[in-house]
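Encoded as structure tokens, the structure appears first; notes follow it.
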Amino acid sequence: MINRYKHANIPVFIPHLGCPNQCVFCNQRTISGVERFQPEKLDGIIEDALATLGDRDAEIAFFGGSFTGIGYEYMCDLLERANRYIRDGRVVSIRVSTRPDYIDDKILEALVRYGVRTVELGIQSVSDRVLSASKRCHTFRDIERACASVNGAGLSLVGQMMIGLPSACADDEMDTARFIADAGASAARIYPTVVFRDTELMYMAESGEYIPLSLSDAVERSANALGILTSRGVEVIRIGLCSSENLRSDDTYFAGPNHPAIGELVEGELFFRLLRDKLRELSPSENSVVSVSVPRGAVSKAAGHGGINRKRLCDEFRISKMIFTESGALSGYSAAVEIRRI
């Protein structure tokens, strides 16, 4: 299941800093709620966060832009300032988010030198057709090279992928999930595409050139990717953008699956498929009572958002009742099902 973080990230958002490209879907100022990065406030951001974390391990995370594309000297200056907190023992590591085409040996050497442990690559799709339609301005070969280079430098790789990009189909997304696993990623993020105002994607949607995914389609296709990644041992650390008032505002949101609980909906869909398959094998008789054991913390996901899985399964199999309990013997997306016939 989604890791709710064993440590705490200290997010430092740098909207569009270092990124000369404007992908059709991107408005980092809207997504992060940060209009402009102010480097003079970096220490204050870190200090304020550290004051609230207690004894949890902390990691400084540069998100939002293409960190390794901001200019080598400027990048090293920010890393040096962040590294001081590692040397003082107050922070354990640094994490950066960047594009596949902004990775080279010189950059990787600097990342390692300053204590970066994790590189999150905005892979988004492995289809050159989708990358072109999204104006990513790089190809799959750049993605392959970057992943190999990050692994070769001994850094942890996190693959970010998107669902429902222009020209993308479900098969493209499943191929992307398989590639992330094959590339040796330790973790992944899955982002259903949301259309924000002041993006090219908004104008494409207005003209009918792009049709945003419905919530149900986004959940189904995200669950496809989640199933592939988790079955291959890749931890999915986030599904969907971080919910905020900014993202729900009519001033920023235009269209698409921007549900505040989309992660739980996707996880619930995966549990629904698992339980449906088990019940098909067991063939419960009409009005049976079904007991379902799931990993600790997974009851609400297995039962479904608002109990929807329980209702769907009871209706499909004509079950009288489904009882969900937790089991410390189970983990991940798994379940034990017992049928009591009445």
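For the subset of segment 209-229 comprising residues that are β-branched (Val, Ile, Thr) and within 19 Å of ALA177 (Cβ to Cβ), which member is surrounded by the most Cβ atoms within 10 Å (Cβ to Cβ)?
In this case the residue turns out to be VAL219.
Do you know which of the residues in segment 276-296 that are under 11 Å from PHE317 (Cα atoms) and part of a helix (DSSP H, G or I) is modelled with the lowest pLDDT?
LEU282
Between a first residue in segment 213-232 that is part of a helix (DSSP H, G or I) and a second residue that is among the aromatic types (Phe, Trp, Tyr), which pairs have beta carbons less than 8 Å apart while being 6 or more apart in sequence or on different chains?
Correct list of pairs: GLY227/TYR333; THR230/TYR333.
Any residue that is more than 29 Å from MET204 (Cα to Cα) and at pLDDT 95 or above - is there at least one of those in segment 118-134?
Yes, segment 118-134 has at least one match.
Yes/no per residue for (1) farther than 27 Å from GLN22 by Cβ; (2) in contact (Cβ under 8 Å) with a residue 24 or more places away in the chain; (3) touching a helix residue (DSSP H, G or I) at 6+ places or on another chain (Cβ under 7 Å):
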position: GLU235; (1), (2), (3): yes, yes, no
position: CYS242; (1), (2), (3): no, no, no
position: VAL266; (1), (2), (3): yes, yes, yes
position: PHE272; (1), (2), (3): yes, yes, yes
position: LEU282; (1), (2), (3): yes, yes, no
position: ASN309; (1), (2), (3): yes, yes, yes
position: ARG312; (1), (2), (3): yes, yes, yes
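Would you confirm whether or not segment 188-208 contains a residue that is buried (at least 20 other Cβ atoms within 10 Å of the Cβ), more than 14 Å from the chain's Cα centre (by Cα) and within 25 Å of SER331 (Cβ to Cβ)?
no
Quick check: anything in segment 245-252 touching a helix residue (DSSP H, G or I) at 6+ places or on another chain (Cβ under 6 Å) and modelled with pLDDT of 90 or more?
no
Give me the residue from segment 286-295 that is more than 11 Å from ALA335 (Cα to Cα) and touching a strand residue (DSSP E or B) at 6+ places or on another chain (Cβ under 8 Å) and, out of that set, surrounded by the fewest Cβ atoms within 10 Å (Cβ to Cβ).
Checked segment 286-295; the qualifying residue surrounded by the fewest Cβ atoms within 10 Å (Cβ to Cβ) is VAL289.
I need the full set of residues from segment 297-311 which are of a type outside the set (Val, Ile, Thr) and not in a loop (DSSP other than H, G, I, E, B), in order please.
Result: SER300, LYS301, ALA302, ALA303, HIS305, GLY306, GLY307, ASN309, ARG310, LYS311.
Kindly provide the set of residues from segment 312-342 that are assigned to a loop (DSSP other than H, G, I, E, B) and over 19 Å from SER285 (Cβ atoms), ordered by number.
GLY328, ALA329, LEU330, SER331, GLY332, TYR333, SER334, ALA335
Would you pick out the residues in segment 99-137 that are of a type outside the set (Asp, Glu), farther than 19 Å from ARG84 by Cα and surrounded by fewer than 18 Cβ atoms within 10 Å (Cβ to Cβ)?
LYS106, ARG129, SER132, LYS135, CYS137 - these are the residues of segment 99-137 that are of a type outside the set (Asp, Glu), farther than 19 Å from ARG84 by Cα and surrounded by fewer than 18 Cβ atoms within 10 Å (Cβ to Cβ).
Any residue in segment 130-153 that's under 11 Å from ASP101 (Cβ atoms): show its pairings with residues that are of a type in the set (Val, Ile, Thr) and at pLDDT 95 or above at Cβ separation under 8 Å, as long as the two are six or more apart or on different chains.
LEU131/THR139; ILE143/ILE123; ILE143/VAL126; ARG145/ILE103; ALA146/ILE103
With the requirement that a residue be touching a residue at least 40 places away in the same chain (Cβ under 8 Å) and surrounded by 19 or more Cβ atoms within 10 Å (Cβ to Cβ), what does segment 83-97 give you?
Selection gives VAL91, ARG95, SER97.
Quick one: is THR230 hydroxyl-bearing (Ser, Thr, Tyr), farther than 21 Å from GLN160 by Cα and in contact with a strand residue (DSSP E or B) (Cβ under 7 Å, 6 or more places away or on another chain)?
For THR230, the condition - hydroxyl-bearing (Ser, Thr, Tyr), farther than 21 Å from GLN160 by Cα and in contact with a strand residue (DSSP E or B) (Cβ under 7 Å, 6 or more places away or on another chain) - is not met.
Taking LEU313, is it surrounded by fewer than 16 Cβ atoms within 10 Å (Cβ to Cβ), more than 30 Å from SER156 (Cβ to Cβ) and either among the hydrophobic types (A, V, I, L, M, F, W, C) or in the same structural domain as ASN224 (by TED's automatic domain parsing) (or both)?
Here the answer is no, as LEU313 does not meet what is asked.
Do we find that SER127 is touching a strand residue (DSSP E or B) at 6+ places or on another chain (Cβ under 8 Å), hydroxyl-bearing (Ser, Thr, Tyr) and in the same structural domain as ARG221 (by TED's automatic domain parsing) in this structure?
In short, no.
Go through segment 183-212 and count every residue that is within 18 Å of GLN22 (Cα to Cα) and outside any loop (DSSP other than H, G, I, E, B).
9
Looking only at residues in segment 15-68 that are of a type in the set (A, V, I, L, M, F, W, C) and at pLDDT below 60, which one is farthest from PRO166 (Cα to Cα)?
Selected residue: VAL34.
The values are calculated or read from the model by the stated rules, or taken from the named source; none is laboratory data. The model shown is predicted, which means the values in this text are computed figures rather than measured ones. Positions of Cβ are generated from backbone atoms using ideal geometry, with glycine treated the same way; all protein chains shown enter the neighbour counts.
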